[in-house]
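Single-structure report; data block below.
Nothing in this text is a laboratory measurement; each read-out follows from the coordinates by a stated rule. What you are looking at is a predicted structure, and each value in this text was computed from that prediction instead of being measured. Heads up, the Cβs are rebuilt from the backbone with ideal geometry, glycines too, and the neighbour counts pull from every protein chain shown.
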Amino acid sequence: MAKILIVDDSDNIRMTLKLTLGFKGHEVVEAENGQEAVAELQRSKFDMVFCDLAMPGMSGQEVIRKAREEMGLKDLPIVVLSAEAREVKSRALTVGATDFIDKPFAPEQIFDAVTRWLKT
C-alpha cells in the first residue's frame with residue numbers, strides 16, 4: 001500500500017483522512033502545518049500528499065512550491081483539499097498541485113484520488 005502525507009491544521013480533517021486512508025491499508029503520516037510537511041518530505045519518501053491551502057505560517061501553496069522547485073519532487077501527486085475560492089485553487093494548480101478536492105469531501109473522493117493518481 002501507499003505511504004501518504006496528510007498536511008492540515010485541522011485535527012478533525014487529519015483524523016478523518018487518517019481513518020479513511022488507513023481503512024484501505026495505507027500508511028499515513030500527519031503534519032499539522034507547512035513547516036512540518038516540508039520536514040517530513042525531506043525525511044521520508046511519500047507516494048502521495050493531501051495538503052490544505054490555508055494554514056498558519058507556511059501555506060499549502062508554499063509547501064507545493066518547495067516540494068516541486070526546491071526538493072525536485074516533480075512527480076509526487078499532491079492533492080489539495082480546501083474550501084478556498086476558485087482563484088486560490090487556480091493558483092495552487094499553477095504552482096504544481098496535481099488535483100483539487102473541495103471541502104467538505106466524501107471518503108469516496110479521497111479513494112478516487114488515490115486510485116487515479118497512484119494507479120492502485
Checklist outcome for this item: Neighbour-count ranking for Lys18, Lys119 (other C-beta within 10 angstrom, fewest to most) reads Lys119, Lys18
Checklist entry - Working out 0.36 nm times the residue gap between Ser10 and Leu118, then minus their Cα-Cα distance, what length gain in nm do you get to one decimal? => result 36.4 nm
Checklist entry - Roughly how big is the chain's charge dipole about its Cα centre, with Cβ charges of +1 (Lys, Arg) and -1 (Asp, Glu), in debye to the nearest 20? => result 380 debye
Checklist entry - By per-residue mean of other Cβ atoms within 10 Å, what is the highest-first order of 61-69, 73-81? => result 61-69, 73-81
Item to check | Phi to ³J(HN,Hα) by Karplus 6.51 cos²θ - 1.76 cosθ + 1.60 over the stretch 36-52, Hz, x for Gly, Pro | outcome: 5, 4, 4, 4, 5, 5, 6, 7, 9, 9, 10, 8, 6, 9, 10, 9, 6
Next on the checklist: Over the stretch 39-120, what is the relative contact order in percent, taking alpha-carbon pairs closer than 8 angstrom and at least six residues apart?
Outcome noted: 29 percent
Next on the checklist: Taking amide H atoms as placed 1.01 Å from N in the peptide plane, list the residues 5 or more away in sequence, or in a different chain, whose amide H sits under 5 Å from that of Met58.
Outcome noted: Gly34, Gln35
Checklist entry - To the nearest µm²/s, what D does Stokes-Einstein give for the chain at 4 °C and 1.567 mPa s, using the Kirkwood radius over alpha carbon pairs as Rh? => result 93 µm²/s
